[in-house]
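Read-outs throughout are calculated quantities, based only on the coordinates presented, and are distinct from any laboratory measurement. All values reported here derive from a predicted model rather than from experimental measurement. Glycine also receives a Cβ, built like all others from the backbone with ideal geometry; neighbour counts cover every protein chain displayed.
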Amino acid sequence: MKKIMIVMFVVLQSLTAQTPFTLEGITSVNLLFKNPSAIIDKTSEIKIKQKVLETLAKAGIKSPSDRVSTFGIMINGEKKDQTYFIHIKMMVGEEVITRRKGDVPTFALTYFMDDFIESEDPNSDVYESVVEFLLREFIEQYKEENEA
């Protein structure tokens, strides 16, 4: 019986949310793009930023924002021989109020998704990972949770 309940919980959870995070009610964000290991060139970085901002705007999310909400993309990696090993993170950080005694305000990640890739063409592959995978998943969940 216990196993059946666990399986039912997992199935129901997978039907209702793509991640354990919520995107409900997000109306505006500030884009933060970090590429500290310089895995991609500046041209690719600009191309990715423009596409992200365009896609967010099409979904109804304004940027920049006067709020503390931050839509972050972080790209880290290393090169070994001719291959790049890259970790890409997409996240939303917001100021929230905890439900602890005294309602403590804090900054929290309210969305997080990442991708690990192996690449010989990091400019192209990072663009694909960010725009075609991570951003697409983000927008899909955003639309699902904010249907009017």
Original post:
Over 20 Å between Cα atoms, which of K47/K89; K34/K79; K58/K143; K42/K79; K58/K89; K51/K89 qualify?
Top reply: K58/K89
Subject >> By average C-beta atoms within 10 angstrom, highest first, the peptides 125-132, 23-30, 114-121, 100-107 >> reply: 125-132, 23-30, 114-121, 100-107
Original post:
Using bins 5 angstrom wide from zero, how does P(r) for the chain break down, in % of all Cα pairs?
Top reply: 2, 9, 16, 19, 16, 14, 11, 7, 4, 2, 0, 0
Original post:
Given segment 26-132, what percent of its DSSP beta bridges are antiparallel, to the nearest 5?
Top reply: 80 percent
Original post:
How far apart, in nm, are two points set 7 Å out from the Cα along the Cα-to-Cβ line at K143 and at I46?
Top reply: 3.0 nm
Subject >> Extension gain (nm, one decimal) between K101 and S37, 0.36 nm per residue minus Cα-Cα >> reply: 18.9 nm
**OP:** Determine the distance separating the Cα centre of segment 56-101 from the Cα centre of segment 19-41; give it in Å without decimals.
**Re:** 2 Å
Original post:
What residues qualify as long-range amide H neighbours of T110, i.e. H under 5 Å apart, gap of 5 or more or another chain, H built at 1.01 Å from N?
Top reply: V92, G93, E94
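Hey, what did the chain get for relative contact order, percent, Cα under 8 Å, at least 6 apart?
Values: 221 pairs, mean separation 37.7, N = 148.
Computed over the chain, the figure is 25 percent.
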